[in-house]
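One structure is given here, and the rest of the page talks about it.
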């Protein structure tokens, strides 16, 4: 991997670890191992924003989650995230999300949170997998109730990277601002009956209660899903840079698994589900099944 990419990643890692502290260009240069001028140029080149913009957006998004999840006062969120005054924080919050923080505390709506994707994870990796070093895969039966899914459709995508190319990466930021039945956004591979003509198999969304009547972000659709059984395949924790191999290992294991061992057959009528890859818990994918 190019040293410049690793330098930018080191700056991102430094920001994430020191977000509530004062961060200077000298600090980032020390982390990147390049000069301040070169560090700044690399950051803009690879992330298409300045370090100051990146830090501001990340702090605003963390404050929005704090306001929603903790119901704290606006002044507390502003000061904790390093803003000098409530007025400055309110103006920045409104520019970023289109609503002021006081309104958001009272009535949270879907907003586009900033997701700080690591620059070294932005390109798909084609590395092969050593079949002699496959990790353990844990399998669990999961029952999902009747529910709705609020989804953003792509065009032709059948997997993550083509989907991001079609709809952009901001979709995940919107979904993170929404409540989900399973506690987090999901990615789905839709059967034909849930697709619209000219739309993708792969979508991202959140699962909500069947009686959900809240706001729907612009450009999103709602589908109704029946109760269904799933087999959840979960890999071992992995280093973040090894995400591609971790996903591949779980998918190979799921493809080879015989569900009749547990009295099931695969169910092509319901969507398969992918949870956001997180190294500390291992990659998770759910495949729908039905009783024989």
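FYI, it's all coordinate maths here, none of it is from the lab. Keep in mind that this is a model prediction, so the values were computed, not measured. Cβ coordinates were reconstructed from backbone atoms using ideal geometry, including for glycine residues, and neighbour counts include every protein chain displayed.
For the reader, a short list of remarks on this structure follows.
- Exposure proxy order (Cβ contacts within 10 Å, fewest to most) of 152, 292, 68: 292, 68, 152
- Global geometry of the stretch 151-292, whether rounded, prolate or oblate, following the gyration tensor of its Cα atoms and the 1.5 cut on a/c: oblate
- Taking each residue as 0.36 nm, the span from residue 3 to residue 224 lengthens on full extension beyond its C-alpha to C-alpha distance by 74.9 nm.
- Length available on full extension from residue 216 to residue 142: 0.36 nm per residue minus the Cα-Cα distance, which gives 23.9 nm.
- When the chain is treated as a GNM with alpha-carbon contacts under 10 Å, the residue of 114, 93, 220 showing the greatest mean-square fluctuation is 220.
- Additional length obtainable on full extension of the chain from residue 292 to residue 160, 0.36 nm per residue less Cα span: 44.4 nm
- A Förster radius of 30 Å, combined with the Cβ-Cβ distance separating residue 170 from residue 269, puts the computed FRET efficiency at roughly 0.45.
- For the chain, calculated [θ]222 nm from helices alone, where every DSSP H run of n ≥ 4 adds -39500 (n - 2.57): -11500 deg cm²/dmol
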